[in-house]
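Here the structure is laid out as structure tokens; the discussion comes afterwards.
What follows draws every value from the coordinates through simple rules; no lab data is involved. The shown structure was predicted, so the numbers you read here are calculated from the model rather than taken from an experiment. Backbone-built Cβ (ideal geometry, glycine too); neighbour counts: all protein chains shown.
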2 protein chains.
Amino acid sequence: MLKKWLRRFYASPPRVIVAGFAAIIFIGTALLRLPASSASGETTPWLEAFFYSASATCVTGLARLDTGTYFSAFGHWVILALVQLGGLGFMTTGTLFALFAGKKVSLKDKLILQESLNQGSLEGIVRLVRRVLLYALSIEAVGALLFALRFMQEMSPGRAIYYGIFHSVSIFNNAGFDLFGQFRSMTAYVGDVYVNLLSVVLVFLGGVGFIVLSDLLELRTRRRLSLHSRVVLWVSAFLIVVGTVTILIFEYTNQDSLGPLGFGEKLLAAMLQSVTTRSAGITTVDIASFRDATQFAMILLMFVGASPGSTGGGIKTTTFAVLASAVWSMMRGRSDVVLFRSRIERSKVNKAVTVTMLSLAIVMGAVMILSVTERQSFLIILFEVMSAYATVGLSAGMTGDLTPFGQVLIAVLMFVGRLGPLTFTYALGTRSGRTLYRYAEGRIIIG
Amino acid sequence: MLKKWLRRFYASPPRVIVAGFAAIIFIGTALLRLPASSASGETTPWLEAFFYSASATCVTGLARLDTGTYFSAFGHWVILALVQLGGLGFMTTGTLFALFAGKKVSLKDKLILQESLNQGSLEGIVRLVRRVLLYALSIEAVGALLFALRFMQEMSPGRAIYYGIFHSVSIFNNAGFDLFGQFRSMTAYVGDVYVNLLSVVLVFLGGVGFIVLSDLLELRTRRRLSLHSRVVLWVSAFLIVVGTVTILIFEYTNQDSLGPLGFGEKLLAAMLQSVTTRSAGITTVDIASFRDATQFAMILLMFVGASPGSTGGGIKTTTFAVLASAVWSMMRGRSDVVLFRSRIERSKVNKAVTVTMLSLAIVMGAVMILSVTERQSFLIILFEVMSAYATVGLSAGMTGDLTPFGQVLIAVLMFVGRLGPLTFTYALGTRSGRTLYRYAEGRIIIG
Ligand SMILES: [K+]
Ligand SMILES: [K+]
């Protein structure tokens, strides 16, 4: 009975992914509530430990406990482990361990990996997974070293290395936790070109997706980027520029944010914010002081988010591109959706529409519920919900004031957002078999 | 040269519709600014007259001038004429005049009518147009009589008839203007079952669309409603119930809105609000006092709006149904979109996606701009923008405080919303011819 149930369960990759992530969150909760995890040696309440564990595993970065001051060194390593597992995806990591142990990868494992990496084909999956770890660890190591070199100017070498590793992993995995204390994120480095550029590069490499990274490294031999990589890179560049310009213009004269800075610093801060709003969630200025228009623009950037198969969230750059292109085709009276002279399969367009609509429905539903339970302005709630769902982790100020109910709902949003609404749909529902008959076409009037 | 240009212009029905509506708005502006139109005999400023004319022609009902007290009787008749022209659609009206004058209806006129009524085929268009006028005027006449009978209890018979006609036309055409003064809408009748039910019936008949009305009247002979009518009626019923329950629950204990009323009155007010939020825009309670969650729920109701070929706005009930059904199909792993055992043509699904996405983009863009130019909270701005775009006319309080720029933008939103984003797309762009080649399919990863 149990065996049969387990076999059926294991046969559904989305279900295994959901259960695996949930298991990591609960193990993280148990570890983070230990007295050893807190700096003061106190036991952390279940709900607080759960919220933090969910935030770390879903690489979101919304924090009610001040990472730098509340947790012990042990707590920091637990957090880093959760971020690393959540960022790389637990299946990737799990299978890699299996690979290193010399075990063979079964077809079932491959299927789960395929779902988890969002790849269309099984070929090269194992090779890709091996690369994922190689790339991730290499980039994180270089990032840690470069951060450590900078931090040595203001702390002991041992501490600088510790800070270097933590921030490199946290930023590459688009988690956005920091050790600087008082929920200040990286505001101390607002004008620091070195720290800003290093952060932007790490966020970009983490958020662009392993497929694109791998594609870029093979560019010398292949000479041509895949359609997927071209779309990701162009849309990312477009969003970074649009975000930077929007934030710069809207906040230029705001004395509480960019106003007091010089032009170079303004540009640097706007660029960092544009890049990190699409998932990483670090900041060098006080988000709560931003104007409404800027916060709304950031909500839209968060919604689009990073790219598929990456450490980031949101509906993804490719979804945005396909949707925009589908609308444009329809407006021009064309039936094919075309990107870079390639036709996009009809099923991909449907998937893009579905992911976007489900995401909108989830976000709007959560906003409506929270505007009943929480005492906050509508925009602040929308900002928080989008930040959780797109695993961004920026807050305009309400994370610390959440009611217990609000905490659970925000944690659920991070979880659903990290795995994507379709993963949940497939995990819950039995994907109904093909129907053998088609209904006759009916007439209806639209718009 | 001019003749050639005119011929090309006339060959594009969407362009004629846009130009025709714009012409009515400008004629209305000129008439409303005349001293004869105001009760005090003063000349109304251009911008104010333009805003009111746009609001009347687009049957929106957002008003900066108090309809009941600011305008003279002449002004009221001008407003009523604009509402009637805007509600029935100027082409319908225009061709009907031509019909009555004994002229033949040309194929070109029929094409324009087809676009304007959103009908798939040319057959029966002229018959339909004749019916539109018959139904509309009959319903308005009965509504006026029933309103007048009620108003006679509190005013002179002459005045009661005048009020009866004005409110019947205004409510049937989903315009939502009223003569009661001080921007109170129908708050004086919050517990009046007769006035509430009459209003709900008029709004429903106006918002359900002429096609459905005609279908319902032919039910005796045909025995079966068309797919279109079934979708419209079920979705309308669903939205009315969901809206009523949501408003009732969220406002039940709010002492500034439904709180002080008895249960029956609460239910009546919630139902009226649910029905009129999807385009008519009349109200019996103070919208500004509603809770954030209620206002947000109303924003979603406004977005969906009324049904195609009606006096109401929004993306329309059928668009909502097709979109929801498409998402559901995709979630179930099915390729066909099915409503009531009828398959929905792929091009209709595309149109539903496009209308929705364009509407979202327009609304969000306008909200972002207005949150820079206007000093209002985000939710109030979103409410106002959605109310204008979906030609609803409810206001949470900012219409009177709009900056001149804000007035123009809101007027443009009413105009675009009334005609629909696709009409504008087709009017502006040359619908590019079919491409004779297809691009090869490319691979991309979504979500
Ligand atoms: K994050
Ligand atoms: K209206």
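Values computed for the structure shown
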| item | result |
| --- | --- |
| For A:Arg220, label point 7 Å along C-beta direction: distances to other copies, nm | 8.5 |
| Note, ³J(HN,Hα) from phi for region A:54-64, Karplus 6.51, -1.76, 1.60, rounded to Hz, x at Gly and Pro | 4, 4, 6, 5, 8, 6, 8, x, 5, 9, 9 |
| Packing rank of B:316-323, A:139-146, A:225-232, A:27-34, where each peptide gets the mean count of other beta carbons within 10 Å, highest leading | B:316-323, A:225-232, A:27-34, A:139-146 |
| Of the GluC sites (Glu not before Pro) in region B:216-281, those whose Cβ has at most 15 other Cβ within 10 Å and which sit in DSSP loop | B:Glu218 |
| Average beta-carbon neighbours from other chains, 10 Å sphere, peptide A:370-381 | 4 |
| Other-copy label distances relative to A:Met364, 7 angstrom Cα-Cβ extension, nm | 1.3 |
| Under 5 Å, built H, 5+ apart or other chain: amide partners of A:Leu339 | A:Ile344 |
| Contact order relative to length of region B:185-344, as percent, for alpha carbon pairs under 8 angstrom and 6 or more apart | 27 percent |
| Shortest-first nm distances, B:Asp192 label point to equivalent points in other copies (7 Å, Cα→Cβ) | 6.9 |
| Amide H contacts of A:Ser38 (H built 1.01 Å from N, under 5 Å, at least 5 apart or other chain) | A:Ser72 |
| Reduced Cα scattering model of region A:13-427, Debye log10 I(q)/I(0), q = 0.09, 0.13, 0.14 Å⁻¹ | -0.52, -1.14, -1.34 |
| Whole-Hz ³J(HN,Hα) from phi, Karplus 6.51 cos²θ - 1.76 cosθ + 1.60, for region B:325-332, glycine and proline x | 5, 5, 5, 4, 4, 4, 5, 8 |
| Sequence-separation-based contact order of region A:13-427, relative, with Cα cut under 8 Å and 6+ spacing, percent | 18 percent |
| Overall Cα dimensions of region A:187-290 - principal axes, largest extent first, Å | 50, 22, 21 |
| Cβ neighbours within 10 Å from other chains - mean over B:347-353 | 6 |
| Cut-off under 5 Å, modelled amide H: who pairs with B:Gly312 long-range | B:Ser307 |
| Gained length - B:Arg223 relative to B:Thr43, 0.36 nm times residue gap less alpha-carbon distance | 59.2 nm |
